[in-house]
Amino acid sequence: MSGEIGALGDVVTGVALARAVEPEAGEGKSAAGDCLNCGTALTGNHCHMCGQKAKVHRTLSAFWHDLVHSVFHFDGKIWRTLPLLMFRPGQLTRRYVHGERAKFVSPLALFLFCVFLTYAVVSRAIPKDIGVNTPFTPAEAAKELASDRAEAINDIRELEQERAKAVADKENVGWIDGQLARNRAALNKLDAASAEVGQAAISARKMSIEQSRAETLVARLEGQLEAAQKAGQPVKHLEKELKSARTELALVKTAASVFQKKGVDTGEWNFTDLKFAGAGALNDAVKHATENPQLLAYKMQSSAYKFSWALIPISTPFLWSLFFWRRKFKMFDHAVFVTYSLCFMMALTAFGVLLWRVPALAGPATAAMVLLPPVHMFFQLKGAYSLGVFGALWRTFMLTSFAITALTLFALLILLLGLS
């Protein structure tokens, strides 16, 4: 419930911010008298000198009406803007650039709203088990340690039962005895360990348990293969299972070795060896980030939300490079194009994330997320710049590549902000 309330709060905040940026559409009746702000004689619904409304309210109901009006009405502009943004983006861009601005939500106002909307939807849709984890408390760490011990003890009991059955059937128990010894040694280490709070230490313990299980499976299959060979039984299926189990064990060992180091060893990329200002600070930041991955993920998520506007100045020069020889197109035109395009992409992302939560619609949602962006770019380019099919096509191809580059640069920016 708190997640839905938080998401609604993000949307409401986004609309309120967008409304603060977006001027009034001019709806309303004309008024007479003097402006209460600058004293100019009024000739309409707004003062032609300072822009203030002719009629102001001082009631609490009017205050809440403004909020509701912002969220659900958006001055009526939103209903004229969204259909064009979705189906005729080139026409929307061209009309706004050439002066039809009171009719539509401005690019920046719509961008602010889409940022809040996308963040609210995406953050709500992310499953809790893959979200950013808060640091373990001592009590939680102790609980995790107890859980790890219980798993280890259960594995030992299963091996003991398997050994008793093998003895009764007069089978080889050598591999079981070896695995029992290794598992008991791992349990002794757990008994001697304190309930470490760090996520890396807890992950290392869990990976150690998974490694023991993978080793047990390999040893069991090796024993079965040896017995089958002595009995002259078919062994092809056992050899195949053993090969797969050994591959799995190798992967688990690699992962376990990383976690047992409590993070990635940053010694191999020691920035203090590089000759530039701040190399030592960068090295410390990377080391701190690898030791606290959850904190890094949280900071990157927060930075992406706060600095999403940086996509506009990053992307605009790329678009300009496709038209730099055509002097009639100004940088302002390209900025409007980029901002409206980003609005569509964010709205598509929010809609796609919602569809992904319905298993039957996950496939169509993925297809739409892949196919619609270049199609939207093509029609926006064709309409906004009055291009032919060929001119729009090659620019769509280039702009798609530029978009990937811009996203990469934005991701690097967010990573640097997270490290800082």
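The values are calculated or read from the model by the stated rules, or taken from the named source; none is laboratory data. Note that the structure is predicted; figures quoted are calculated from it, not measured. Please note: Cβ atoms are built from the backbone with ideal geometry, for glycine as well, and neighbour counts cover all protein chains shown. Ligands, DNA and RNA are stripped out before the accessible areas are found, and what is left, the full protein with its side chains, is counted by its heavy atoms. Shrake-Rupley method; radii C 1.70, N 1.55, O 1.52, S 1.80 Å.
In this calculation the C-beta distance from residue 164 to residue 411 is compared with R0 = 56 Å, giving a FRET efficiency of 0.50. With the whole protein complex present, residue 241 retains an accessible surface near 90 Å², based on a 1.4 Å probe.
Just the number please: accessible area per residue for the range 338-420, 1.4 Å probe, all protein chains included, in Å².
Accessible area per residue: 51 Å².
The largest accessible area among 49, 300, 346 belongs to the first residue in 49, 300, 346, and the rest follow in falling order (1.4 Å probe, all chains). Electrostatic tally near residue 377: other residues with Cβ closer than 14 Å to its Cβ, Lys and Arg +1, Asp and Glu -1, net +3. Shape class for the range 345-420, computed from the alpha carbon gyration tensor (a ≥ b ≥ c): oblate, with a/c not under 1.5 and a/b at or below b/c. If you take every residue apart from residue 245 with its C-beta less than 14 Å away from the C-beta of residue 245, what net charge results, scoring Lys and Arg +1 and Asp and Glu -1? Once all neighbours under 14 Å are counted, the net charge is 0.
The phi-based Karplus calculation (6.51 cos²θ - 1.76 cosθ + 1.60; θ = phi - 60°) puts the 3J(HN,Hα) values of the range 38-54 at 10, x, 6, 5, 7, 10, x, 6, 10, 6, 7, 9, 10, x, 5, 4, 5 Hz, whole numbers, x for Gly and Pro.
The stretch between residue 98 and residue 394, if pulled fully straight at 0.36 nm per residue, gains 104.1 nm over its current Cα-Cα span. Taking label points 7 Å from Cα along the Cα-to-Cβ direction, residue 57 and residue 184 give a separation of 8.0 nm. Accessible surface comparison of 48, 376, 98, probe 1.4 Å, protein chains only, largest first: the order is 98, 48, 376.
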